[in-house]
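Worksheet: the structure to be examined is printed underneath.
The values are calculated or read from the model by the stated rules, or taken from the named source; none is laboratory data. Bear in mind the structure is a predicted one, so any value in this text is a computation, not a measurement. All Cβ positions, glycine included, derive from the backbone under ideal geometry; neighbour counts span all protein chains shown. When the accessible area is computed, the model is the full protein with side chains, heavy atoms only, and any ligands, DNA or RNA have been set aside. Shrake-Rupley method; radii C 1.70, N 1.55, O 1.52, S 1.80 Å.
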Amino acid sequence: MRTAFGALLFIAWGIGTILWVYSVIHTLGEGDPGPAIRAACALLLMILLMGMEGLEVAVIDRWRTVYPERTPHDLARWLASRQLFVALICTTTTILIEPEFIIIPFSSTEITGGFALKAFTIIWNGLTLLWFMQIFPKHMAATNPDRYLKVTRRALFPIVEFVRKIGVALPAEWVAKTVQNRLDWHAEPTLETARPRQAASLADAWAALIPQRTPAATRQNDDRVARS
């Protein structure tokens, strides 16, 4: 049932994508470049979000290697600054991609209702961001964080560092500190002293999204091939 529902959802997303692209091209052909410009801006923002989402996993996994002189507190502030792009891009793309109407190809049917267009925008944009701009890059970064950082670090690190330095996330830190102190919101002593049998990092968790052979299994298979 899970596989069937996922496939159905993916097919529906594909149909929605065709309708959205067709409507944008049709509007451009009619001499109105506005929707095409907004669509291009939305896609560029989505690409930026893709890079930022994977960056979270890669940086957490390689923080001590990238910045050996910085503390976990610095990492927390860096991650809080990175969240700005998630909040802004998700909101902005929803506004940018909302079409004025949806045209059904090879027919004269148009969807112009306000509720229908808003529902289409929220669902299509939500699934696009979830699948391709969040889950996918997080898994790729977790599988090979060093390679991911090699591709994205030069372009994205200065942007996040700028946001961190100007203090965009500071109000959230103040609120968290105030509420934590008021509610005495601290880790339970039992949780601080307990040690899991097999702790997994954030990168380990996302990398396990696609099952792979374990190193032990790989070595066993290689030994069998060598003996044969």
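Just wondering, is there one or more residues in the stretch 209-222 that are open to solvent by less than 100 Å² (accessible area, probe 1.4 Å) and modelled with pLDDT of 60 or more? Checking the stretch 209-222: at least one residue is open to solvent by less than 100 Å² (accessible area, probe 1.4 Å) and modelled with pLDDT of 60 or more. For Pro105, the stated conditions hold: it is more than 18 Å from the chain's Cα centre (by Cα), over 25 Å from Leu170 (Cα atoms), part of a loop (DSSP other than H, G, I, E, B) and modelled with pLDDT under 95.
Look at Ile111 and say whether it is within 19 Å of Ala12 (Cα to Cα), open to solvent by 60 Å² or more (accessible area, probe 1.4 Å) and in contact with a strand residue (DSSP E or B) (Cβ under 8 Å, 6 or more places away or on another chain).
Spelling it out, Ile111 is indeed within 19 Å of Ala12 (Cα to Cα), open to solvent by 60 Å² or more (accessible area, probe 1.4 Å) and in contact with a strand residue (DSSP E or B) (Cβ under 8 Å, 6 or more places away or on another chain).
The sole residue among Ile102, Ile89 that is closer than 15 Å to Leu45 by Cβ and open to solvent by less than 50 Å² (accessible area, probe 1.4 Å) is Ile89. Got at least one residue in the stretch 62-72 being modelled with pLDDT of 95 or more and more than 17 Å from Ile135 (Cα to Cα)? No: zero hits.
Annotation note: Cβ proximity below 6 Å between a residue of the stretch 102-116 that is touching a residue at least 12 places away in the same chain (Cβ under 8 Å) and under 17 Å from Pro35 (Cβ atoms) and a residue that is outside any loop (DSSP other than H, G, I, E, B) and among the charged types (D, E, K, R) (sequence gap 6+ or interchain) occurs for Ile103/Glu110.
So that you can scan it fast, the table gives a plain yes or no per residue for (1) of a type in the set (A, V, I, L, M, F, W, C); (2) open to solvent by less than 40 Å² (accessible area, probe 1.4 Å):
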residue	(1), (2)
Gly16	no, yes
Val24	yes, yes
Leu43	yes, no
Leu55	yes, yes
Pro68	no, no
Thr93	no, yes
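Taken as a whole, the structure leaves Val168 outside the set of residues that are under 30 Å from Met46 (Cβ atoms), open to solvent by 100 Å² or more (accessible area, probe 1.4 Å), at pLDDT 80 or above and hydrophobic (A, V, I, L, M, F, W, C). Of the set (1) open to solvent by 30 Å² or more (accessible area, probe 1.4 Å); (2) assigned to a helix (DSSP H, G or I), all apply to Met133 but (1).
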